[in-house]
Amino acid sequence: MPDGLLMLLIIILSVFAPLSTDMFLPALDEMVEYFGTDEATMSMTMYMFMLFLAIGILFLGPIGDKYGRRNVLIGSLALYMVASVACSISTNIWIMIFFRVLQSIGAGGAMATSVALIRDCFEGDKRSKVLTTVAVIGVLGPVVSPILGQVLIWNLGWQSTFWTPAIIAGVCMVLALMLSNDIPKERYTGTIFGAVGTVIPILKNGDFRRFAIMMNMAAFCILAYISVSEYIYKEKGFDVGDAYSLYLAAAMLLGVALMLVIDRFQDRLGNRRRLIVIIALILTASLILWTVGDMHPMFFLAGVIPIIAVSATSRSFGFNILLAQDVGNSGAISSVLNFVNFMFATAGMVVIVHLPFDNYVTSVAFCFTIYLVVFVTLWARMTFFGTSLKGFE
């Protein structure tokens, strides 16, 4: 497969989560009425998806090390397509939830395969460029998906938000059929349970684990922000609805732009200085939110931009470092990275609504500060005690 098509396949696979969760969000009220259910039951279509997405990510990456990326990806996409279509024609909420679980397992396999393919097929500057592109698309995915979903709902109904991902998965299936069957070239030869168990040594590797936390915990901040941003803008006088999507998109675009500016100086900075830049960005975001973030919506917006830049940088620079480590097979490493990222994202959604502050700006600032403390602590350990990670010798 040409590098261009392979890169396209990886990019699409990497955004299966927002395609599957964010597109139908604008129709939740309509779907509650359609299924004759309540909001609590309807919310199961979200958190059951999240739970089994994590399971799919953790298990299917290592299984790809044994049976090959092509086979696991085709199976995952087939499951995803069938489940997506089944969701669109469901008339019972419990049947809908069941097929959402199947859809999430397929999405997990697709996402785990995407990062594994980056490690399997690209090296050096090419790998860095692919990761940068994936990072940019990954940040923009949660913004674009609900906007696309709203357009589809207006014109074709909520069912189209399940047909559309199924069609996208079909395109990925065509591309997956073009993949060589010898990826990875060196297969895991043990049992399936043994393949899944290969994630354990990776998690036990202290340097890898700590750096993975540093690079993935940005997801904790981003999802905390996204979960309550609509309430913040509304409370501070910004109109929501269509305009809210523009505010959300502006923050994401400016954050990505800042990340790309930083990337232009990556050769001069070096890996260790990049970590100091990340600390400076997290500190800046935290200070803005603690001091003036509650005064005006534009100040709040300004405080979020550095964290978005950190998130995008972590997915490009950070994953490039982590994928270069000889700590395990590509599928197992991919599963660990995606799983850790996903768990921090889920924690951000849960924690933000349970913090004991009187406004959400303070809650978001607190989440940013937690990240700052964790990042600085782990960075200090790396600085004073050294690290075995390649790229930081």
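The values are calculated or read from the model by the stated rules, or taken from the named source; none is laboratory data. Treat the numbers as computed from the prediction; the structure is a model and nothing was measured. Positions of Cβ are generated from backbone atoms using ideal geometry, with glycine treated the same way; all protein chains shown enter the neighbour counts. To get the accessible areas, we keep the full protein, side chains included, count just its heavy atoms, and leave off ligands, DNA and RNA. Shrake-Rupley method; radii C 1.70, N 1.55, O 1.52, S 1.80 Å.
Before moving on, here are some points about what is shown:
- The number of Lys pairs in the chain with C-alpha atoms less than 22 Å apart, excluding pairs fewer than 8 positions apart on the same chain, is 6.
- Rounded accessible area of residue 42 (nearest 10 Å², 1.4 Å probe): 10
- Model label zone, residue 25; criterion: amide N under 20 Å from point 7 Å along Cα-to-beta-carbon; scope the stretch 112-152: 135-152
- With eigenvalues of the C-alpha gyration tensor scaled by 5 and rooted, the stretch 5-107, Å: 27, 13, 12
- Most to least packed among 154-160, 180-186, 359-365 [average Cβ atoms within 10 Å]: 359-365, 154-160, 180-186
- By accessible area with a 1.4 Å probe, ligands and nucleic acids excluded, highest first: order of 7, 259, 343: 343, 7, 259
- Highest mobility in the GNM of the chain, judged by mean-square fluctuation with C-alpha springs under 10 Å and restricted to 79, 58, 177, is found for 177.
- Ranking 392, 366 by solvent-accessible area of protein heavy atoms (1.4 Å probe, all protein chains present), from largest to smallest, gives 366, 392.
- Accessible heavy-atom area order of 65, 358, 326, highest first, probe of 1.4 Å: 358, 326, 65
- Look at (1) 21; (2) 26; (3) 15: the one that is percent of Cα pairs over 39 Å apart derived from this structure is (3).
- Karplus (6.51, -1.76, 1.60) ³J(HN,Hα), θ = phi - 60°, over the stretch 314-323, in Hz, Gly and Pro reported as x: 5, 6, 9, 4, x, 5, 4, 5, 5, 6
- Here the stretch 205-349 exposes an accessible surface that is 63 percent carbon and sulfur, computed with a 1.4 Å probe and the other protein chains kept in place.
- The portion of the accessible surface of the stretch 1-132 made up by carbon and sulfur, rounded to a whole percent, is 66 (1.4 Å probe; DNA, RNA and ligands excluded).
- FRET efficiency estimate (nearest 0.05) - Cβ-Cβ, residue 276 to residue 385, R0 22 angstrom: 0.80
- Remark: the residue 264-residue 178 segment gains 27.6 nm on full extension, using 0.36 nm per residue and subtracting the alpha carbon distance.
- At the residue level, residue 390 shows approximately 90 square angstrom of accessible surface with a 1.4 angstrom probe and all protein chains present.
- Residue-normalised accessible area of the stretch 149-197, given per residue in Å² at a 1.4 Å probe: 55
- Using the Karplus relation 6.51 cos²θ - 1.76 cosθ + 1.60 with θ = phi - 60°, the per-residue 3J(HN,Hα) values for the stretch 246-254 come to 5, 5, 4, 5, 4, 4, 5, 5, 5 Hz, with x marking Gly and Pro.
- Each label point was placed 7 Å from the Cα along the Cα-to-Cβ direction; for residue 43 and residue 67 their separation is 3.5 nm.
- Per-residue ³J(HN,Hα) for the stretch 348-365, Karplus 6.51 cos²θ - 1.76 cosθ + 1.60, θ = phi - 60°, Hz, x for Gly and Pro: x, 5, 7, 5, 4, 8, 10, 6, x, 9, 8, 8, 6, 4, 5, 4, 5, 4
- Restricting the stretch 306-357 to chymotrypsin sites (Phe, Trp or Tyr not before Pro) in coil, as DSSP defines it, with at most 16 other Cβ within 10 Å: 357
- Whether the stretch 275-380 is rounded, prolate or oblate, judged on the alpha carbon gyration tensor where a/c under 1.5 counts as rounded: prolate
- Probe 1.4 Å - accessible area at residue 11, Å² to nearest ten: 30
- The label-point distance for residue 94 and residue 283, in a model that sets each label 7 Å from Cα toward Cβ, rounds to 5.6 nm.
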